Amino acid sequence: MSRYIFIIGGVMSGVGKGIATASIGTILQSKGFKVTAIKIDPYINVDAGTMNPIEHGEVFVTDDGDETDQDIGNYERFLNVDVCRDNYMTTGRVYLSVIQRERNLEYGGKCVEVVPHIPEEVINRIKKVARKFRADFVIIEIGGTVGEYQNLLFLEAARMMHLKNPQAVMFIIVSYLPIPTMIGEMKTKPTQYAVRSLNSAGIQPDFIIARSRAPLDEPRKKKISTFCNVTEGDVISAPDIESIYEVPLNFEKEKLGNKILKKFNLKSRRRDLRDWQKMIRNIKTAKREVCIGIVGKYFDTGNFTLADSYISVIEAVKHACSVNHCQPKFHWLSTRILEKEGIDCLKEVDGVIVPQGWGSRGTEGKIKAIQYCRENKVPYFGLCYGMQMAVIEFARNVCGLERANSMEVDPQTPHPVIHIMPDQQKYLERRQYGGTIRLGVWPCILKKGTKIFQIYKKKEISERHRHRYEFNNDYRQIMEEKGLIITGTSPDDKLVEAVEITSHPFFIGTQFHPEYKSRPLAPHPLFISFIKACLK
């Protein structure tokens with residue numbers, strides 16, 4: 001029988017529900033249970049593919065090509081498993097399924113209503129995942145915070161599941177406890193209100209994970225216990241820490257895993273978080289520092305810099321640094337600043353990554369950064385759009401192809417070294433943007449004798465994609481003659497998947513996204529090699 005744990009947010013968003021979900025899954029895995037996780041987003045969007053990354057954060061792509069919330073990436077990294085489109089649902093996706101079923105007469109002529117049919121669809125999706133993965137535990141993170149109108153129907157689904165089988169369903173609220181600077185005291189009242197809001201939805205939490213800047217003390221634990229109707233032992237302290245990968249170890253200090261099993265009347269089958277402990281030791285004992293410049297346009301929001309748009313890249317760098325026994329120091333290099341103020345800031349970094357991107361804004365800043373790396377032997381790693389920008393830079397400055405560009409940036413360019421494929425052109429003409437790009441895992445054949453072949457140590461690989469534009473094969477010959485080697489292609493040799501300058505310390509661009517497959521206990525080989533080159 002599968003057990004279900006719902007993770008719900010309190011007070012404010014962004015306090016770490018996704019990391020808490022992934023960490024609890026890691027703990028239960030370490031005790032011998034099979035675990036999977038689901039993210040529920042309250043948006044009307046059918047998937048995350050068309051959302052602005054500055055507002056929503058990174059779009060994470062699964063093997064089967066679903067464009068999901070970034071928390072799906074956290075689940076994969078912590079649990080070290082691949083999940084699929086069934087593990088992600090949105091309000092739009094749920095409503096679309098119900099409407100399609102109604103159109104197909106699958107409700108037998110009944111009047112289809114928001115309640116109970118929407119919560120029932122949510123429950124069916126959750127149980128489908130449990131069956132598909134044969135999971136002992138399914139951990140369901142409900143996006144947003146309790147009290148918001150958007151997630152009421154998902155809370156109702158959770159309540160209905162608990163009503164039908166209370167022995168198999170548990171609730172955990174992750175709530176924030178502020179420490180106002182002028183007062184200097186940790187405040188529990190916002191969490192009390194959050195729990196009361198949850199109670200008004202018919203749900204009583206079994207555990208309260210208390211997120212704050214500092215550890216929870218006994219007076220605060222006692223107050224939360226008294227006013228929120230949980231025992232003191234079920235109030236779990238979750239202070240800010242340096243590495244998110246410490247969270248499972250922090251939770252285990254309060255024996256959260258065994259407490260969960262006890263409520264389900266289960267016993268641990270084994271206990272082993274030694275790999276995690278070793279990884280944390282590597283992170284904490286590393287002395288060397290490596291400075292990595294991330295060149296992008298999706299982290300400026302007013303006066304603040306947000307890294308969530310590139311979270312998989314950041315984590316992949318951290319994973320690679322762990323095995324290289326160094327600490328990453330990130331420099332956020334805005335394309336807007338590079339275009340206006342020049343590239344002097346690049347002199348401070350040991351290596352540069354240009355990650356995914358869309359549209360024309362900021363492209364010239366990226367091209368300037370790539371030219372600097374190529375000419376000054378600075379390690380460069382281009383991911384998807386970063387590979388395309390590297391091709392454009394090489395075409396202009398080495399091959400002499402003036403105004404070379406991508407058709408996405410300049411449809412009138414005389415040298416469209418990056419162009420759109422005919423099947424994709426049809427989607428653009430029909431304004432069919434969502435879910436129509438090249439997505440999911442695709443095979444790639446690597447060229448022997450190249451750096452990327454030496455890194456992977458095999459001829460055929462498979463990696464995940466998320467793009468609409470491709471390398472224009474009309475320019476393959478001139479590129480290779482001038483030194484930009486085509487190192488990876490699709491099995492039919494029609495699509496260019498990777499390029500490199502073999503004589504450069506590290507100059508590699510991939511049309512695919514290796515960052516999606518990097519895990520803390522299994523760092524991606526391309527990132528490991530990139531960090532090694534940066535350290536040199």
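The values are calculated or read from the model by the stated rules, or taken from the named source; none is laboratory data. This one's a predicted model, so the numbers in the text were calculated from it and none came from an experiment. Using ideal geometry, Cβ is built from the backbone for each residue, glycine included, and neighbour counts are taken over all protein chains shown.
Name the residue, out of Tyr469, Tyr433, that is at pLDDT below 95, touching a strand residue (DSSP E or B) at 6+ places or on another chain (Cβ under 6 Å) and either assigned by TED's automatic domain parsing to the domain that holds Tyr516 or of a type in the set (Ser, Thr, Tyr) (or both).
Tyr469
Which of the following residues is farther than 24 Å from Val409 by Cα and either among the small types (Gly, Ala, Ser) or modelled with pLDDT of 95 or more (or both): Ile461, Ile486?
The match here is Ile461.
Tell me which residues, restricted to the stretch 446-460, are of a type outside the set (D, E, K, R) and under 14 Å from Ile485 (Cα atoms).
Leu446, Gly449, Thr450, Ile452, Phe453
If we keep just the residues of the stretch 38-50 that are within 14 Å of the chain's Cα centre (by Cα) and hydrophobic (A, V, I, L, M, F, W, C), which is modelled with the highest pLDDT?
The extreme case among them is Ile38.
Search the stretch 32-58 for residues that are within 24 Å of Leu153 (Cα to Cα) and pair each with any residue that is of a type in the set (S, T, N, Q) and part of a loop (DSSP other than H, G, I, E, B) when their beta-carbon atoms are under 8 Å apart and the residues are at least 6 apart or on different chains.
Met51/Asn45
In the stretch 505-523, is there at least one residue being under 28 Å from Asn376 (Cα atoms) and surrounded by fewer than 21 Cβ atoms within 10 Å (Cβ to Cβ)?
Looking for residues that are under 28 Å from Asn376 (Cα atoms) and surrounded by fewer than 21 Cβ atoms within 10 Å (Cβ to Cβ), one finds at least one in the stretch 505-523, hence yes.
For the stretch 207-264, give me each residue that is assigned by TED's automatic domain parsing to the domain that holds Pro190 and on the phi > 0 side of the Ramachandran plot.
Asn229
Would you pick out the residues in the stretch 394-405 that are surrounded by fewer than 23 Cβ atoms within 10 Å (Cβ to Cβ) and not aliphatic (A, V, I, L, M)?
Listed by number, the residues that qualify are Arg396, Asn397, Cys399, Gly400, Glu402, Arg403.
Would you call Glu364 modelled with pLDDT under 95, more than 26 Å from Gly483 (Cα to Cα), surrounded by fewer than 23 Cβ atoms within 10 Å (Cβ to Cβ) and of a type outside the set (Val, Ile, Thr)?
When the stated conditions are applied, Glu364 does not pass them.
So which residues in the stretch 52-62 are more than 14 Å from Ile311 (Cα to Cα) and either of a type in the set (Gly, Ala, Ser) or within 14 Å of the chain's Cα centre (by Cα) (or both)?
Matches in the stretch 52-62: Thr62 only.
Return the residues of the stretch 299-315 that are of a type in the set (D, E, K, R) and either modelled with pLDDT of 85 or more or part of a loop (DSSP other than H, G, I, E, B) (or both); say none if nothing qualifies.
Once the filter is applied, which keeps residues that are of a type in the set (D, E, K, R) and either modelled with pLDDT of 85 or more or part of a loop (DSSP other than H, G, I, E, B) (or both), the stretch 299-315 yields only Glu315.
One residue is enough: does the stretch 265-284 have a residue meeting the conditions modelled with pLDDT under 85, more than 27 Å from Ile420 (Cβ to Cβ) and either touching a helix residue (DSSP H, G or I) at 6+ places or on another chain (Cβ under 7 Å) or aliphatic (A, V, I, L, M) (or both)?
yes
Return the total of residues in the stretch 212-233 being closer than 22 Å to Ser200 by Cα and either in contact (Cβ under 8 Å) with a residue 40 or more places away in the chain or polar (S, T, N, Q) (or both).
So the answer is 4.
For the stretch 42-73: of the residues being among the hydrophobic types (A, V, I, L, M, F, W, C) and part of a helix (DSSP H, G or I), which is farthest from Leu28 (Cα to Cα)?
So, considering only residues that are among the hydrophobic types (A, V, I, L, M, F, W, C) and part of a helix (DSSP H, G or I), the one farthest from Leu28 (Cα to Cα) is Ile54.
May I ask you to list the residues in the stretch 468-481 that are among the charged types (D, E, K, R) and in contact with a helix residue (DSSP H, G or I) (Cβ under 7 Å, 6 or more places away or on another chain)?
Arg468
Can you list the helices (runs of 4 or more DSSP H) found entirely within the stretch 188-298 that contain at least 1 residues being surrounded by 18 or more Cβ atoms within 10 Å (Cβ to Cβ), more than 27 Å from the chain's Cα centre (by Cα) and not hydrophobic (A, V, I, L, M, F, W, C)?
189-200, 218-228
Could you please find all residues in the stretch 489-509 being under 14 Å from Gly449 (Cα atoms), out of contact with any helix residue (DSSP H, G or I) (no Cβ under 9 Å at 6 or more places or on another chain) and assigned to a strand (DSSP E or B)?
none
Going by the conditions given, is Glu76 buried (at least 22 other Cβ atoms within 10 Å of the Cβ), touching a residue at least 40 places away in the same chain (Cβ under 8 Å) and part of a helix (DSSP H, G or I)?
When the stated conditions are applied, Glu76 passes them.
What about Asn229, is it polar (S, T, N, Q) and either touching a strand residue (DSSP E or B) at 6+ places or on another chain (Cβ under 9 Å) or under 18 Å from Asn250 (Cβ atoms) (or both)?
no
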